[in-house]
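This report refers to the structure that appears directly beneath it.
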Amino acid sequence: MKTSVQKNVLLFAFLLIIALGCKTHKKNETLTIDKVKEAAANGDKKLMESDIIIEGYFWNETVPLLITDLKLLDINTPLPEQKFILLSGPGIEKILVDEKFSGAYIRITGKVRAVTNKKTGIMEIDVICTEPPLFLKPRIKDVLIPFKFNFCQLNPRICEFQNIFPFKTKYAILYSGGLNIVNAHRRYWNDLQFMYFTLKNKYGYTDENIIVIYKNGSPEDLSMPVDYAATTNGLRNAIDFLKSKITFKDDLFVFVTNHGAGYHRGAGHQGIATAGNRGGTADANSDEIDAQMIDENIFYYGQSNNNLLDDDFGSMLNELERKRMIAVMEPCFSGGLLHDLRGVKSVVISASDEFQFSYAGASSNGVSYDMFSYYFTEALNQANPSGVALATNPDTNGDNKVSILEAFLYAKSKDTANETPMLEDTGDGVGTNTPAAAAGDGLFSSTTFL
């Protein structure tokens, strides 16, 4: 028969085992996104087999995900892998139609799944949620919900355009890759649409002469056709098509809105503020003119290697004969492409300098756009996307038309993001934030029109 002392020892040991077990598994612990992704990538069986609790902001623009900071979505560089996680399961499906969850801070209980994508070779990690998440805090008021809309339904005046211009010598490339389904923000489609209708409605470009290269080659709606996918084959085919059309007498307009990669000087968003390489590629042909020697990257979509380097993009554009070229680059670090796209009778414009992020932040009728490119397009259109006249006239010299320089200066004056727009039109590949019509950068663009 056990003594009372023995019973007390056994009871203490039993309680200690229970306590240690709870401490080991921490079933009620709220995990961070980076810890979950790290554990899943390392094959942590205990984590994979147990329910976890995780918190963050819910976002459902192209695919449901949980993110640590909604402001990361405004930066035109790929989302840091440790700052978001994909979501799936019937619990998530139940909240997709509930507007209050968009941008809200939520708590999820679910199981972690890690699967290697056979096409890309990349491990995809998500949380499967069987029950609806717990709503903790509403979204911040200034966060725009990425609702889907039809541009022509919203702007019937613009879409009722009928081409009355006989010009057949103006060609345009509108490009957005978006990298992958997580990073292909809806605003990139909005940016392209606004420019597309501005070219058609205001400047007489035709569908035949506007080449839209977008994501996987499928449009988001029927208001704008997509000609090619933003892949290596898609861009190559687009360039080959244009080579069969464009001549040395023709004009080429290039508009790119997308993510960008390169060397960041530091400062900016607190989550990714340190200086260093942000997805750029070491310069292989010594053509970079800065001390960092990093090639910028504007990305393809949905491939095992999504890198579209500045050198390659510049080389492809140089295959096209033309009388002149105007290129407007929205991605992060796009100032680095001024040197790669430079040329005689060419204007190259970037939303940021070579070592900066570029940002979203513009909106019209609740629709989100990138900051600089929106105001540049608005200046060319001399109206907002709905056709409403602007409070400030970008035509500063009163000649009833907007030059490329005037559009740049208008966009720069409206741009409130932490970015430095640049313009280069002398052919030396070195741009400025303060171009002027009198001489140097700004002289050629002051008399250049679409």
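Read-outs throughout are calculated quantities, based only on the coordinates presented, and are distinct from any laboratory measurement. Bear in mind that the values here come from a model prediction, so they are computed numbers and not experimental data. Cβ sites come from the backbone with ideal geometry, for glycine too, and all protein chains shown count toward neighbours.
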Item to complete: Let me have the relative contact order for the range 320-450, percent, based on Cα pairs under 8 Å that are six or more residues apart.
Response: 27 percent
Worksheet item: From a point 7 Å beyond the Cα of LYS118 in the direction of its Cβ, which residues of the range 224-252 have a backbone N at a distance under 12 Å?
Response: none
Worksheet item: Listing GLU321, GLU99 from the residue with the fewest other Cβ atoms within 10 Å to the one with the most, what is the order?
Response: GLU99, GLU321
Practice prompt. Note down the net charge around GLU378, summing +1 for each Lys or Arg and -1 for each Asp or Glu among other residues with Cβ under 13 Å from its Cβ.
Written response: -2
Worksheet item: When Lys and Arg each count +1 and Asp and Glu each count -1, what net charge do the other residues less than 13 Å away from THR77, Cβ to Cβ, add up to?
Response: -3
Worksheet item: Relative contact order for the chain: what is it in percent, counting Cα pairs under 8 Å that are at least 6 residues apart?
Response: 12 percent
Practice prompt. Counting only C-alpha contacts under 8 Å and six or more residues apart, can you give the relative contact order of the range 195-247 as a whole percent?
Written response: 25 percent
Item to complete: Mind jotting down the three principal axis lengths of the range 252-400 based on Cα atoms? Whole angstrom, largest first.
Response: 47, 43, 31
Worksheet item: Using θ = phi - 60° and the Karplus form 6.51 cos²θ - 1.76 cosθ + 1.60, what ³J(HN,Hα) does each residue of the range 387-402 get, whole Hz, x for Gly and Pro?
Response: x, 6, 4, 7, 5, 10, 7, x, 7, 6, 9, x, 8, 6, 8, 9
Practice prompt. Sum up the charges of everything whose Cβ sits under 12 Å from the Cβ of TYR410, counting Lys and Arg as +1 and Asp and Glu as -1, but leave TYR410 out.
Written response: -2
Worksheet item: What is the distance, in nm, between label points placed 7 Å from the Cα along the Cα-to-Cβ direction at ASN397 and at SER413?
Response: 1.5 nm
Item to complete: Please work out the FRET efficiency for the pair ASN433 and ALA389, using the Cβ-Cβ distance as r and a Förster radius of 30 Å; give the result to the nearest 0.05.
Response: 0.60
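Calculated from DSSP H runs of 4 or more alone, at -39500 (n - 2.57) each and per residue, what is the 222 nm mean residue ellipticity of the chain, nearest 500? Don't jump to the answer; show the numbers that get you there.
On the way: 12 runs with 113 residues, N = 450.
My calculation for the chain gives -7000 deg cm²/dmol from helical runs alone.
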Worksheet item: ASP312 versus THR130, label points 7 Å from Cα toward the beta carbon: distance in nm?
Response: 4.5 nm
Response to the item:
Rounded to one decimal in nm, the spacing of the 7 Å Cα→Cβ label points at PHE449 and ASN42 is 6.4 nm
Worksheet, complete the sentence: For the chain, the longest principal axis of the Cα atoms and the Cα long axis of helix 186-203 enclose an angle in degrees, to the nearest 10, of 10 degrees
Item to complete: Compute the convex hull volume of the Cα atoms of the range 27-137, divide it by the residue count, and report the result per residue in Å³ as a whole number.
Response: 110 Å³
Worksheet, complete the sentence: The exposure ranking of THR281, THR30, fewest beta-carbon neighbours within 10 Å first, is THR30, THR281
Discussion item. To the nearest 20 Debye, how big is the dipole of the chain about its Cα centre, given +1 on the beta carbon of each Lys and Arg and -1 on that of each Asp and Glu?
Written reply: 1840 debye
Response to the item:
If one compares the long axis through the Cα atoms of helix 4-25 with the longest principal axis of the Cα atoms of the chain, the angle in degrees, nearest 10, works out at 10 degrees
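If we count other beta carbons within 10 Å of each Cβ, what is the order of CYS332, CYS152, fewest first? Can you show the working numbers first?
Values: CYS332 31, CYS152 17.
So the residues, fewest neighbours to most, are CYS152, CYS332.
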Worksheet item: What is the dipole size for the range 27-137, taken about its Cα centre, with +1 at each Lys and Arg Cβ and -1 at each Asp and Glu Cβ, in debye to the nearest 20?
Response: 200 debye
